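J.: Please read through the structure below; I'll follow up with questions.
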Amino acid sequence: MGSRERKRQERRKRKARGSQRKAAAESSIQRGYAKAAERNKEAREALHPLYEGERPRVVTIGAILSAVVAAIFWASAVVAIFNDSEINGREPHPLQLAITAGVVTAMAWGMWRSRYWAVLGFQVVLAILILLGTLGLVTATTVAQAAATVLLVLVCLTFFLFMVKAMARIQMPERMPRN
């Protein structure tokens, strides 16, 4: 057998091994998708729909927290109307404070009524706080600032993760009647 023929056979063997590896990788990916689909199905089956008028505890805590923040914004808007106070050398605009207060109030009301959109909005706020807190670690000048920022990020992250399961229960199509 000539050297040219030997090189052709080696090349064919390499191509065959490559296609075998590719087929094995594709079947591995398909097995992974099948396992993930099975886990998702089990997680969905483990969820129980909310009873009529029921609200998950984390959503209740979020609604109360949102109501407190809304009250602070409403009070700030009233103070900005009747007072010439300055923050960092600028007067706060009452309309901006009132709009923010209205949005946060709507979110608090929606969470109190277990509305999906309100919980999703609260999660967006939490995600923004997590990102800003993480970026804030770069500018922390003292250990106390860094510790407080880490604490803020951890609390927001915990809320965020608990809200995921609550959102899944809120999103379930049927509600169970109260016994």
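The values are calculated or read from the model by the stated rules, or taken from the named source; none is laboratory data. Values in this document were obtained by computation on a predicted structure and should not be read as measured data. Note: ideal-geometry Cβ built from the backbone for every residue, glycine included; neighbour counts use all protein chains shown.
J.: Scan the range 52-91 residue by residue and report those that are more than 24 Å from residue 126 (Cα to Cα) and part of a loop (DSSP other than H, G, I, E, B).
T.: Here is the first cut: in the range 52-91, the residues more than 24 Å from residue 126 (Cα to Cα) are 52-53, 78-91.
Matches in the range 52-91: 52, 53, 83, 84, 85, 86, 88, 89, 91.
J.: Let me ask you something else. Within the group 97, 154, 120, which residue is under 23 Å from the mean Cα position of the chain (by Cα) and without any contact (Cβ under 8 Å) to a residue 40 or more places away in the chain?
T.: 154
J.: Another one. Limited to the range 121-151, what total is found for residues that are surrounded by fewer than 17 Cβ atoms within 10 Å (Cβ to Cβ) and in a helix (DSSP H, G or I)? Talk me through it step by step, then tell me what you get.
T.: Here is the first cut: in the range 121-151, the residues surrounded by fewer than 17 Cβ atoms within 10 Å (Cβ to Cβ) are 124, 127-128, 131-132, 134-135, 137-148, 150-151.
Checking which are in a helix (DSSP H, G or I) leaves us with 124, 127-128, 131-132, 134-135, 137-139, 143-148, 150-151.
Number of matching residues: 18.
J.: From the list 49, 56, pick out the single residue that is modelled with pLDDT under 75, within 30 Å of residue 116 (Cβ to Cβ), of a type outside the set (Phe, Trp, Tyr) and surrounded by 12 or more Cβ atoms within 10 Å (Cβ to Cβ).
T.: 49
J.: Would you confirm, using the coordinates I've provided, whether residue 49 is over 26 Å from residue 161 (Cβ atoms) and either touching a Lys or Arg at 6+ places or on another chain (Cβ under 6 Å) or not in a helix (DSSP H, G or I) (or both)?
T.: So residue 49 fails the test.
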